[in-house]
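Student: Here it is, the structure, as structure tokens.
The values are calculated or read from the model by the stated rules, or taken from the named source; none is laboratory data. Here the structure is a predicted model, which is why all the values come from computation and not from measurement. Positions of Cβ are generated from backbone atoms using ideal geometry, with glycine treated the same way; all protein chains shown enter the neighbour counts.
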Amino acid sequence: MDILKHKLLPYKMGNLAKVISLSALLKIVELRGGGQLKIPKRAHAGHWLVEHIGLEDLQKLAEQCGGERISIDRCCRLNKMLKATIVLDEFNGGASNWQLAKKYQVTTRTIINWKNAAIQLREES
């Protein structure tokens, strides 16, 4: 699944995922997606990012991009596919299309589309 997640990332974010872990990248997207992030020149335990991505990933990021301000994409395709996978798992766990539509505040047709996309994604992996 990680290979498919990398395929769903925008080019810049895919390059960044080669430097830090995918989980750290996704956390950065969650925190700053659609905005910019100032990378410290040197990583230290007191930096605010450490609690989110860990010192090791921050050190790797500082070595690669220290002192730069980088744009963080929102990674919409990846987030949509992750949500679709969660919906499919919930459906397979017994939730109905109607229950899922109500939970996610979308139509039942959207739930069906998300499930189909998640099935296709799983077949590709």
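Student: If you go through segment 11-35 one residue at a time, how many are closer than 9 Å to I53 by Cα and either touching a Phe, Trp or Tyr at 6+ places or on another chain (Cβ under 9 Å) or of a type in the set (D, E, K, R) (or both)?
Tutor: So the count comes out to 1.
Student: In segment 51-103, which residue that is within 13 Å of the chain's Cα centre (by Cα) and not in a helix (DSSP H, G or I) is farthest from E124 (Cα to Cα)?
Tutor: Looking at residues that are within 13 Å of the chain's Cα centre (by Cα) and not in a helix (DSSP H, G or I), I get I72.
Student: Out of all the residues in segment 24-33, is one or more of a type in the set (K, R), in a helix (DSSP H, G or I) and surrounded by fewer than 14 Cβ atoms within 10 Å (Cβ to Cβ)?
Tutor: Filtering segment 24-33 down to residues of a type in the set (K, R) leaves 27, 32.
Next, from what is left, pick out any that are in a helix (DSSP H, G or I): 27, 32.
Now restrict to residues that are surrounded by fewer than 14 Cβ atoms within 10 Å (Cβ to Cβ): none.
So far as segment 24-33 goes, no, none of its residues is of a type in the set (K, R), in a helix (DSSP H, G or I) and surrounded by fewer than 14 Cβ atoms within 10 Å (Cβ to Cβ).
Student: Condition (residue is modelled with pLDDT under 95 and polar (S, T, N, Q)) applied to segment 95-106: is it met by at least one residue?
Tutor: yes
Student: Quick check: anything in segment 77-99 touching a Leu at 6+ places or on another chain (Cβ under 8 Å), buried (at least 17 other Cβ atoms within 10 Å of the Cβ) and touching a residue at least 60 places away in the same chain (Cβ under 8 Å)? Steps first, answer last, please.
Tutor: From segment 77-99, those touching a Leu at 6+ places or on another chain (Cβ under 8 Å) are 77-78, 81, 84-85, 87, 90-91; that's our starting set.
With buried (at least 17 other Cβ atoms within 10 Å of the Cβ) added as a condition, the list becomes 78, 81, 84-85, 87, 90-91.
With the extra rule that they be touching a residue at least 60 places away in the same chain (Cβ under 8 Å), the set shrinks to 78, 81.
Yes, that holds for at least one residue.
Student: Could you please let me know if L49 is assigned by TED's automatic domain parsing to the domain that holds G14, of a type in the set (A, V, I, L, M, F, W, C) and surrounded by fewer than 16 Cβ atoms within 10 Å (Cβ to Cβ)?
Tutor: No: the conditions fail for L49.
Student: Here's a follow-up. Would a scan of segment 12-21 turn up a residue that is touching a residue at least 60 places away in the same chain (Cβ under 8 Å), within 22 Å of A118 (Cβ to Cβ) and surrounded by 13 or more Cβ atoms within 10 Å (Cβ to Cβ)?
Tutor: Yes; the residues of segment 12-21 include at least one that is touching a residue at least 60 places away in the same chain (Cβ under 8 Å), within 22 Å of A118 (Cβ to Cβ) and surrounded by 13 or more Cβ atoms within 10 Å (Cβ to Cβ).
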